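Data first, discussion second: the structure below is written as structure tokens.
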Amino acid sequence: MLTATKTLATILLAAAAAITVSAAPTATSGGTGKLPSRTTGDEPAVTHTVAAGRGGLLEFQPFNIEAEVGSVIEFHFGPRSHSVVQSSFEEPCVQLPGGFNSGFNFAVAEGQAENVYQLTVKDERPVWFFCGQAAHCAAGMVGSINQAVDSGNTIDAFIAKARAFPGNATLLAESAGELDGRVLPNPDPLAGF
Ligand SMILES: *[C@@H]1O[C@H](CO)[C@@H](O)[C@H](O)[C@H]1NC(C)=O
Ligand SMILES: [Cu+2]
């Protein structure tokens, strides 16, 4: 699975300019406080591209993103209708109160939606997310930013929890959440799908 993920990530990275990914997992322990930021202020913001529903698959690709504080996660939406919603690790298909929820403004018949959804990584704590559409989450359409390998809260464990979730996702209101979720025009709607 790791090999497949890396291959997909590489394909996506090739489709977008000026992207880097840190190879090593973060040492996040699942602790309570914010960890020190590694952002120096001199580096340009890195953008990590994630495909939602590419090729009709109920998947985020990649489904774990290792992202530095200050970097941007940009979701591109494939066919049918998907969304990106923040959850806790414990409840993968239930919107976290105060968490981000992109809403369903990205439906498209083929190719990519004309808009993308961006988040900004604010600290090194893990962020867990899912697709809010019906039972997509229970089908495994979930992801993480900086999975917490040390604590056992891994993306693999999160996917297993999602697949055990009965039925449709539970959503609250659309929200920007702490990661300032925002809708922007797709910079390259013909690429990569
Ligand atoms: C789940 O969502 C689908 C599609 O919107 C709907 O047809 C179905 O009735 C829902 N199931 C439940 C248990 O709410
Ligand atoms: Cu979906």
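The values are calculated or read from the model by the stated rules, or taken from the named source; none is laboratory data. Nothing here was measured: the structure is a model prediction, and the numbers come from that model. Positions of Cβ are backbone-derived with ideal geometry, glycine not excepted, and every protein chain shown enters the neighbour counts.
Counting only strands (runs of 3 or more DSSP E) that sit wholly inside the range 74-193, those with at least 1 residues that are within 16 Å of ligand 2 (Cβ to nearest atom) and crowded, with 19+ Cβ neighbours inside 10 Å are 85-87, 115-120, 127-130, 142-145.
Pairing each residue of the range 115-144 that is over 29 Å from Pro44 (Cβ atoms) with any residue that is charged (D, E, K, R) and away from ligand 2 (no atom under 16 Å from the Cβ), provided the two are 6+ apart or on different chains, yields C-beta distances under 9 Å for Val142/Lys161.
Does Gly111 qualify as being touching a Ser or Thr at 6+ places or on another chain (Cβ under 7 Å) and of a type outside the set (Asp, Glu)? Considered against the rule, which asks whether it is touching a Ser or Thr at 6+ places or on another chain (Cβ under 7 Å) and of a type outside the set (Asp, Glu), Gly111 comes out as no.
With the structure loaded, tell me whether Ala107 is touching a residue at least 24 places away in the same chain (Cβ under 8 Å), away from ligand 1 (no atom under 16 Å from the Cβ) and at negative phi or whether it fails that test.
Details: touching a residue at least 24 places away in the same chain (Cβ under 8 Å): yes; away from ligand 1 (no atom under 16 Å from the Cβ): no; at negative phi: yes.
No: the conditions fail for Ala107.
Of the residues that make up the range 149-168, is at least one free of Cβ contacts under 8 Å to residues at least 60 places away in the same chain, in contact with a Pro (Cβ under 8 Å, 6 or more places away or on another chain), within 16 Å of ligand 1 (Cβ to nearest atom) and farther than 17 Å from His76 by Cα? So far as the range 149-168 goes, no, none of its residues is free of Cβ contacts under 8 Å to residues at least 60 places away in the same chain, in contact with a Pro (Cβ under 8 Å, 6 or more places away or on another chain), within 16 Å of ligand 1 (Cβ to nearest atom) and farther than 17 Å from His76 by Cα.
Could you go through the range 44-53 and let me know if any residue there is within 11 Å of ligand 2 (Cβ to nearest atom), in contact with a His (Cβ under 9 Å, 6 or more places away or on another chain), modelled with pLDDT of 95 or more and within 22 Å of Arg163 (Cα to Cα). It would help to see each step written out before you state the result.
Just the residues of the range 44-53 that are within 11 Å of ligand 2 (Cβ to nearest atom), to begin with: 52-53.
Those left that are additionally in contact with a His (Cβ under 9 Å, 6 or more places away or on another chain): 52-53.
The next check asks that each one be modelled with pLDDT of 95 or more; those that pass are 52-53.
When the remaining residues are screened for being within 22 Å of Arg163 (Cα to Cα), the result is 52-53.
Yes, there is a match, as at least one residue in the range 44-53 is within 11 Å of ligand 2 (Cβ to nearest atom), in contact with a His (Cβ under 9 Å, 6 or more places away or on another chain), modelled with pLDDT of 95 or more and within 22 Å of Arg163 (Cα to Cα).
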